[in-house]
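Visitor: Have a look at the structure that comes next, please.
The values are calculated or read from the model by the stated rules, or taken from the named source; none is laboratory data. Just so you know, these numbers come straight off a predicted model, no measurement behind them. FYI the Cβ positions are ideal-geometry reconstructions off the backbone, even for glycines, and counts take in every protein chain you see.
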Amino acid sequence: MKRLLLAFFLYSFTLSAQSNFKNGFNAGYTQAFCLNKSNCNVKVPKAPKHDENRASFKDGIDLGEIMGTVDRLKQIHGSDYENLVGFSQLRLINSRISFMENKQLYFIENDIETAFKIASASKILNRAGEAPDQYGPISQQHKLLVARYKSDYRRYQRDNSVAKSSGGPTNIGIGPIKNLNFKKLNPAFVKAGENTFKQKCTACHAAERKLIGPALKDIYKKRRPEWVINLLLNTTEMLRKDPDAIALLKEYNNIMMLNQNLSEKEAISVAEYLRTL
Ligand code: HEC
């Protein structure tokens with residue numbers, strides 16, 4: 001008996017260590033689907049993908065309960081269930097589901113690919129940006145990105161990858177940055193870069209309009225990331241010696257962009273942020 005207990009203990013321990021969220025989801029789903037009755041055999045669907053380390057047992061229960069309720073209602077009422085349950089109630093349930101799904105996205109702020117997978121699997125990404133930002137500004141930024149591309153990860157990749165050498169810009173400019181290729185968009189850098197941009201650049205730059213300096217949307221269609229960062233870190237020399245910078249200076253009637261004294265990390269973050277404009 002003792003051994004059995006121990007085995008059970010170890011078993012449940014490894015289970016919860018493996019996936020709190022999945023266990024929560026199974027429990028919540030079963031409970032809701034079975035209307036709290038025991039002796040009810042139910043095939044629990046696969047829990048949506050999530051970050052194992054951050055989604056909690058409670059998150060699993062919340063989502064499981066809602067999905068279990070909906071599936072049970074469908075089973076009882078068939079295709080009529082929308083009418084029977086009442087439209088507004090159903091909307092409420094659906095919005096709670098999407099809230100939970102959105103919430104899953106918050107847990108995976110560092111992995112935008114997974115975010116897209118969840119968003120496209122659920123086909124819902126409701127009201128991004130409207131809900132209060134419970135999980136911090138980086139996640140919010142991340143979620144907005146996913147929302148903007150409406151779970152179309154291919155288009156996101158296309159828009160966020162730098163033009164490859166064929167036909168794309170090649171000049172890397174003059175300065176400390178010799179080789180930099182953008183990878184997956186880094187939401188933490190984007191957020192930091194946005195702050196710097198607001199403090200130090202918006203006096204002269206906007207995304208879509210010329211101000212004192214050029215509009216910066218789509219900048220990487222014509223400039224290498226190295227060139228942009230070198231312009232930020234080594235402004236004076238770039239404007240004096242780099243042919244593209246000299247041409248630009250001429251175009252802007254010799255209005256010099258001032259060196260903003262950014263650190264290398266700040267410059268890279270701003271460069272990352274510019275990708276999202
Ligand atoms: C005092 C105004 C001013 C400030 C502040 C300023 N810029 Fe500029 N920027 C310009 C001007 C003017 C140009 C055009 C080149 C020139 O004449 O110096 C330019 C050019 C650029 C270019 C090249 C654009 C192109 O079409 O190739 C980039 C990129 C850029 N700035 C980014 C930034 C960033 C990022 C910041 C903030 C860290 C910033 N600038 C701050 C005025 C400014």
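Visitor: Answer yes or no as to whether Phe189 is in contact with a Lys or Arg (Cβ under 9 Å, 6 or more places away or on another chain) and within 17 Å of Ile268 (Cα to Cα). Can you show your working first?
Guide: Numbers: in contact with a Lys or Arg (Cβ under 9 Å, 6 or more places away or on another chain): yes; within 17 Å of Ile268 (Cα to Cα): yes.
When the stated conditions are applied, Phe189 passes them.
Visitor: So, in region 167-181, of the ones that are within 17 Å of Lys265 (Cβ to Cβ) and either surrounded by 15 or more Cβ atoms within 10 Å (Cβ to Cβ) or not assigned by TED's automatic domain parsing to the domain that holds Met257 (or both), which residue ends up modelled with the lowest pLDDT?
Guide: Leu180
Visitor: Got at least one residue in region 188-201 being in a loop (DSSP other than H, G, I, E, B), assigned by TED's automatic domain parsing to the domain that holds Leu262 and more than 7 Å from the ligand (Cβ to nearest atom)?
Guide: no
Visitor: Given the structure, is Thr276 among the hydroxyl-bearing types (Ser, Thr, Tyr), more than 10 Å from the ligand (Cβ to nearest atom) and under 30 Å from Phe116 (Cβ atoms)? So that I can check it myself, show each step before the final result.
Guide: Values: among the hydroxyl-bearing types (Ser, Thr, Tyr): yes; more than 10 Å from the ligand (Cβ to nearest atom): yes; under 30 Å from Phe116 (Cβ atoms): yes.
Spelling it out, Thr276 is indeed among the hydroxyl-bearing types (Ser, Thr, Tyr), more than 10 Å from the ligand (Cβ to nearest atom) and under 30 Å from Phe116 (Cβ atoms).
Visitor: Can you tell me which of (1) near the ligand (Cβ under 7 Å from one of its atoms); (2) aliphatic (A, V, I, L, M); (3) closer than 23 Å to Tyr149 by Cβ; (4) not in a loop (DSSP other than H, G, I, E, B) is the one Ala271 doesn't meet?
Guide: (1)
Visitor: For the structure I just gave you, tell me whether Asn259 is more than 8 Å from the ligand (Cβ to nearest atom), modelled with pLDDT under 90, assigned to a loop (DSSP other than H, G, I, E, B) and over 13 Å from Gly173 (Cα atoms).
Guide: Against the criterion (more than 8 Å from the ligand (Cβ to nearest atom), modelled with pLDDT under 90, assigned to a loop (DSSP other than H, G, I, E, B) and over 13 Å from Gly173 (Cα atoms)), Asn259 qualifies.
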